[in-house]
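Notes follow once the structure below has been shown.
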2 protein chains.
Amino acid sequence: MDDAKPKSAAGEPDGPVPKAVVSRLSLYLRQLQQEVREDRQTISSKDLGALLGFTDAQVRKDLAYFGHFGYPGIGYRCDELMTAIKKILGTDQQWPVALVGVGNLGRALLGYKGFSQRGFRIVAAFDMDPHVIGSEIEGIRVYHIDSLSEVARENRIRLGVVAVPSASAQAAAEKLVAVGVEGILNFAPVTISLPPGVRAVGVDLAIELEQLTFSVVSRGEPT
Amino acid sequence: MDDAKPKSAAGEPDGPVPKAVVSRLSLYLRQLQQEVREDRQTISSKDLGALLGFTDAQVRKDLAYFGHFGYPGIGYRCDELMTAIKKILGTDQQWPVALVGVGNLGRALLGYKGFSQRGFRIVAAFDMDPHVIGSEIEGIRVYHIDSLSEVARENRIRLGVVAVPSASAQAAAEKLVAVGVEGILNFAPVTISLPPGVRAVGVDLAIELEQLTFSVVSRGEPT
DNA sequence: TAGATTGTTAATCGATTAACAATC
DNA sequence: TAGATTGTTAATCGATTAACAATC
């Protein structure tokens, strides 16, 4: 018991972590935040799993990638596990985010309250339309895209959100990368290609509806 | 070769289809639409996969769940495969959709051009705020939520989008279900529980950023 | 024809679940 | 203590990839 490489309490996993595990981690966190809000003290893997539609074994296995967070016979302390998962995901600190594109969707994102509560703050928005440049939307300044470099460096921005039309998405992403951004959330319905080392997550609203439509049309398989 | 249950050209799969396959189907469709727009005639599984970051074998296996769409030595005819996938997903027809909640995000969805191009049309919006009820946003009428039943039945609505605050999301979803909606796209950052037979897809913008943050923070594993 | 590429089977790989000793 | 629940190992299950005969 003393020759094995120890895991730190909220520490580094020893191997690579499956992507599916990380996405469940976010769901655990969201649920735990709700439980903490409702003053719940502890929760078992069985209960946490049931709330989200997972098995208890899955919950324990997922968490075990990162350390020993539970108490046999008790379960997990909600606030403690919440804090630990935030640390794992990196959202125990606030991340400054740059938004490119202040059309309909961009504006909605600027006003989205959910970000700040979860560790993100859009600190600046960028566009090419002279009508919006220089204005403030939801208290956030809109700059010309040419100011990206300056503003991004000043604010040490590592995350960007692309909310421009499909035709401009690749170019917008490249500008973000050129300025040191390491992760891009892309709302344009196109695949953007990025240099190795830069991660992208795409959100395509129509695709989400398509997935739903398929499951509605192809009745038969259970949920 | 004549005793096996035949697959129709764009027909029913013989077994259950993994969820991951369906989500890739949407990406194939999106890419094919782009290729068709650029007048490409045919595409091989190798090329289609490369454009999206999948192996050729994966592309062929995914499509083979639903039928024989390719031509050995040639590949797939882009427009033909596009049409076939639309049919599989159920988006060869236009789906009327109800939107509940016309806050920032709801308004952005009302103005989102991507839906109509992909087989969806928001035909009515619902809210509780008397300031917006009766108005038209982006050409779509906003009704009181109490009119949901009437409007939904008139328009034979089977899909709904929930864009209300977290606290109202479960109630909004239940109202949609009560009126016969079979699939719900939920933008509120909470898990909603639905009766069996009703499918839900959740889009949590903060969770997407969290996933990105994790991969940025935990450098090491390749993309 | 030769070259290209499919659909499919078998092999590999990875992820989920079941089971249980260890622990509080 | 007895009961509950963890972390972890082994067993199961499912998904991806490699390989190749069939086909154009």
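Nothing in this text is a laboratory measurement; each read-out follows from the coordinates by a stated rule. It should be emphasised that the depicted structure is a prediction, and the values quoted were computed from it without experimental measurement. Heads up, the Cβs are rebuilt from the backbone with ideal geometry, glycines too, and the neighbour counts pull from every protein chain shown.
Tabulated data for the structure shown
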| read-out | value |
| --- | --- |
| Hey, residue B:35 of a type in the set (D, E, K, R), free of Cβ contacts under 8 Å to residues at least 24 places away in the same chain and more than 30 Å from residue B:136 (Cα to Cα) or not | no |
| Enumeration of residues in the stretch B:39-60 that are free of Cβ contacts under 8 Å to residues at least 24 places away in the same chain and either near DNA strand D (Cβ under 10 Å from one of its atoms) or away from chain A (no Cβ under 11 Å) (or both) | B:39, B:46, B:49, B:53, B:55, B:56, B:57, B:60 |
| Any hit, the stretch A:65-75, residues being surrounded by fewer than 23 Cβ atoms within 10 Å (Cβ to Cβ), part of a helix (DSSP H, G or I) and of a type outside the set (A, V, I, L, M, F, W, C) | no |
| The lone exception for residue A:105 - which of (1) surrounded by fewer than 18 Cβ atoms within 10 Å (Cβ to Cβ); (2) in contact (Cβ under 8 Å) with a residue 60 or more places away in the chain; (3) farther than 23 Å from residue A:24 by Cα it fails | (1) |
| Selected residue (criterion: surrounded by the most Cβ atoms within 10 Å (Cβ to Cβ)) from residues of the stretch B:127-166 that are in a strand (DSSP E or B) and β-branched (Val, Ile, Thr) | B:161 |
| Selection status of residue A:36, under 22 Å from the mean Cα position of the chain (by Cα), within 12 Å of chain B (Cβ to nearest Cβ) and of a type outside the set (D, E, K, R) | no |
| Any hit, the stretch A:174-190, residues being assigned to a helix (DSSP H, G or I), within 14 Å of chain B (Cβ to nearest Cβ) and crowded, with 24+ Cβ neighbours inside 10 Å | yes |
| Of all residues in the stretch A:76-102 being within 12 Å of another protein chain (Cβ to nearest Cβ) and within 16 Å of DNA strand D (Cβ to nearest atom), the one that is surrounded by the fewest Cβ atoms within 10 Å (Cβ to Cβ) | A:87 |
